[in-house]
Structure formats: C-alpha cells, structure tokens
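The values are calculated or read from the model by the stated rules, or taken from the named source; none is laboratory data. As the structure is a computational prediction, the values presented were derived from the model and not from experiment. A quick note on method: Cβ atoms are made from the backbone with ideal geometry, for glycine too, and the neighbour counts reach across all protein chains shown.
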C-alpha cells in the first residue's frame, strides 16, 4: 500500500527546509568594507571604472579564456549594450528566443529594432536553428540566443546558419555562467554576449549587475562607448561624446564583490553539476515518469535550475497535480516555465513607446506590422517539463529526498 501523500494529510518526505544558498559570506563583506575604508581614508568617494572594476573585468576575461569584458549594471543592460555594440540600423529585424525573461527581448525594441520570435529546438527551452532559418528575411541582421536554465543551445547549427546569412549572434548567458558547448564556454562562441550577475545567478556583483563580453576588440570598444553615453574610448576625438548611449555602468563596490564571487564560480558550478548528475542517475533508476530533459550532444550545463521531463500520458495525472503533490512533500518545483515573450501583453499590445506601436508601426518598416509567431515546440516543452529549484548546497541527502518524494507521489497516483 502506498504512503499517504502530504497533500492529503500525510507526513512530508522532506520536513526541514532545503539548504539555503549562502551566496555571500565574510569574504564579500571584507571586500566591500575595503572599498569603504579606502574612500573614508582618502576622502574620495568610490565610483566606477576604478581599480576594482578593472580587476573584476580582467578576472572575468581570464575565466572566459580571453576576450574583452565591460561590467554593467544589469543583465538586461548587458544585452542592451551587446546589441548597441553591433550598430544595427533602425528597423533591422532581430530574431529572439522563444523562452526568455522579458529583459532578454525588450532591449531589441530599445535599440530601435524589430524582435522576431523563433520557436524552440524540440524537447528543450532553447531557440532552434530550424525555426531561426524560417524567420530570416532580407531585414534580419542578428539572432539572440538564450541558454535557458544553464543548458547551452546548439551553437554549431546556429553559427553555421548565421555565417551563411551574414548575421550577428548575441549570446544571452544570464543563466549559463561557465556552461560549455563542445568544450567552448558559452558567450565566447557568438559575436557578443550578455551575462547577468544579479544575486540569483551563478556568481553575483551584489543585488544587480551584468557583463558585456566579446572576443572581438572592435565590438568591445563600440560596446564600451555605448555603455557610457558615447564617451570617446579608444578613438581620436578631440572633444565630446561620439555616439548616443545610456549610462549602463557597473561600479567599484559591486565589482569588488564580483571579484570575490568569480573566484568561487568554478566550485559553485562543480557542485551544481555533481548534484544534477547524481539526481539524473537516480531518477533513471527509480522513477517511472520523471527524467532529466533532453540534453543536446556536446552541451555541458550549469543548472541554474533543473528541467525535468514528466510523462503525463504514462502517469495518467496532470503535471500540475503531480507538482502540487511534490511541493507538499517539501520539494521546490515550478510546474510551468511558460515565459514566452511573444505571448506577453507588452509584445502583443506593442506597449513600447507610448501608444505609437513603434517599431512595428513605423512607416519605414516594410515587414509585418502586426505579426504573430507560432511557437508549438516551446509550448510543448513547457507543457512536458517542470523545473526543480536548486543551489550548490544541495547534495546526497537532497538527491535521496527528491527521489523518494517522486517515487512516493508516483506510487500514490498509480494506486489511485
């Protein structure tokens, strides 16, 4: 006879809280205090582009294996700067991910370009090359690729497509610090990249932050100028700012924290991978209905969360009900990750610049003024998967409890 579910009044499998992350510690505190102490002693307030930020950017480049980095004040602005570095003409089309935080698409509009929604690689949350190809027009100039949940997209197929059509590729690595595709770190595969370093990500520069990164020196300087109101960095300009841009700067206090965090990143990633691999193996052995989501060949993820596939047809119970029961057993799950930008009100209602509907409504734009984008693979992926929240403090005890809870819920529903 199966155990009584916690959902129905039974005792939960997990009766104590899952381990807290404890992201910031005494090292980050000391680094921040050193910045304050120096400012107090000198009487000069700390700012940005100072020694801490320079050191952080240098360490980030070393971690990535070379290239150029500019610290900025959010992941959304990192993407904004990455797009700004490309210098796209207004009303250019930019193909965007099917599943993403809104901040992974909105910057396209704010550089005066038109976002075009693509569909997912089947069985994943990531943009697919086949759908990208279907969306390319003579107005297309760039592709934004988000590596959702820390799982790399199929960058070989995407880069071949981009090369064939002479398109820029922008990697959104907000959830994918240190993930690799065929041995190369994501962010160093496309032309430019954006990282979020807010406090929920793999490493952080405080509450908010981001990094614009590229392996192309010219794109770096263009991005750096764009991120600081067009200041004439690395150009022979006697006076004045050289291009329109916004103030997207990071600051030295945040960078001091980020420098400490960056040193911890390899261990953070290793521990997340160890947990995820152990859980995937255990689910393969013990569970009838739950497996880790399809992993593409050559991808090594970093598990911002774990995407788990649920066999609803075999279970005979809805994913929502299954996840509700898992949650009651003390397991931190999200039953749906339907973050599909083209379905969101701001996109559907063209709620951008007042009521103008710009850029779609612009008289100079000769594309579809009221487009709809079908994303059946993305919708199917969100319906077939649920997310497990985790952090690098999860270990063998959490693997055991999660698998026990999954098996308990499966047994209860199988016998109902």
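For segment 190-203, the count of residues that are surrounded by 14 or more Cβ atoms within 10 Å (Cβ to Cβ), out of contact with any strand residue (DSSP E or B) (no Cβ under 9 Å at 6 or more places or on another chain) and in a helix (DSSP H, G or I) is zero. Filtered by the rule that a residue be touching a helix residue (DSSP H, G or I) at 6+ places or on another chain (Cβ under 6 Å) and assigned to a helix (DSSP H, G or I), segment 1-31 gives 6, 7, 27, 28, 31. Residues in segment 139-177 that are part of a loop (DSSP other than H, G, I, E, B) and either more than 18 Å from residue 108 (Cβ to Cβ) or touching a helix residue (DSSP H, G or I) at 6+ places or on another chain (Cβ under 8 Å) (or both): 151, 152, 154, 166, 167, 174, 175, 176, 177. Close contacts from segment 91-107, counting a first residue that is at negative phi and surrounded by fewer than 24 Cβ atoms within 10 Å (Cβ to Cβ) and a second that is in a helix (DSSP H, G or I) and at pLDDT 95 or above, with Cβ to Cβ under 6 Å and a gap of 6+ residues or different chains, come to 103/76.
Candidates are the residues of segment 380-411 that are surrounded by fewer than 18 Cβ atoms within 10 Å (Cβ to Cβ) and out of contact with any helix residue (DSSP H, G or I) (no Cβ under 9 Å at 6 or more places or on another chain); the one that is farthest from residue 268 (Cα to Cα) is 411.
Could you check, for segment 340-362, whether at least one of its residues is assigned to a helix (DSSP H, G or I), modelled with pLDDT of 95 or more, in contact with a helix residue (DSSP H, G or I) (Cβ under 6 Å, 6 or more places away or on another chain) and over 22 Å from residue 116 (Cβ atoms)? No, segment 340-362 has no match at all. When we screen 234, 241, 247 for residues that are surrounded by fewer than 17 Cβ atoms within 10 Å (Cβ to Cβ) and in contact with a strand residue (DSSP E or B) (Cβ under 8 Å, 6 or more places away or on another chain), the only hit is 247. Out of segment 363-376, which residues are in contact (Cβ under 8 Å) with a residue 40 or more places away in the chain and more than 10 Å from residue 114 (Cβ to Cβ)? Across segment 363-376, the qualifying residues are 364, 366, 373, 374, 375, 376.
For every residue, the table says whether it meets (1) loosely packed, with under 12 Cβ neighbours inside 10 Å; (2) over 30 Å from residue 327 (Cβ atoms); (3) touching a strand residue (DSSP E or B) at 6+ places or on another chain (Cβ under 7 Å).
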{"residue": "2", "(1), (2), (3)": "no, no, no"}
{"residue": "12", "(1), (2), (3)": "no, no, no"}
{"residue": "44", "(1), (2), (3)": "yes, yes, no"}
{"residue": "52", "(1), (2), (3)": "no, yes, no"}
{"residue": "68", "(1), (2), (3)": "no, yes, yes"}
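Return yes or no: is residue 351 buried (at least 17 other Cβ atoms within 10 Å of the Cβ) and closer than 30 Å to residue 200 by Cα? Criteria not met by residue 351.
Residue by residue, here is whether (1) out of contact with any helix residue (DSSP H, G or I) (no Cβ under 7 Å at 6 or more places or on another chain); (2) modelled with pLDDT of 95 or more; (3) under 26 Å from residue 9 (Cα atoms) holds:
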| residue | (1), (2), (3) |
| --- | --- |
| 276 | yes, yes, no |
| 285 | yes, yes, no |
| 302 | no, yes, no |
| 309 | no, yes, no |
| 312 | no, yes, yes |
| 319 | no, yes, yes |
| 324 | no, yes, yes |
| 328 | no, yes, yes |
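When segment 322-339 is limited to residues that are outside any loop (DSSP other than H, G, I, E, B) and without any contact (Cβ under 8 Å) to a residue 60 or more places away in the chain, the one that is surrounded by the most Cβ atoms within 10 Å (Cβ to Cβ) turns out to be 333. Filtering segment 189-207 to residues that are in contact with a helix residue (DSSP H, G or I) (Cβ under 9 Å, 6 or more places away or on another chain) and more than 15 Å from residue 143 (Cα to Cα) leaves 195, 196, 197, 198, 201, 202, 203, 204, 205, 206, 207.
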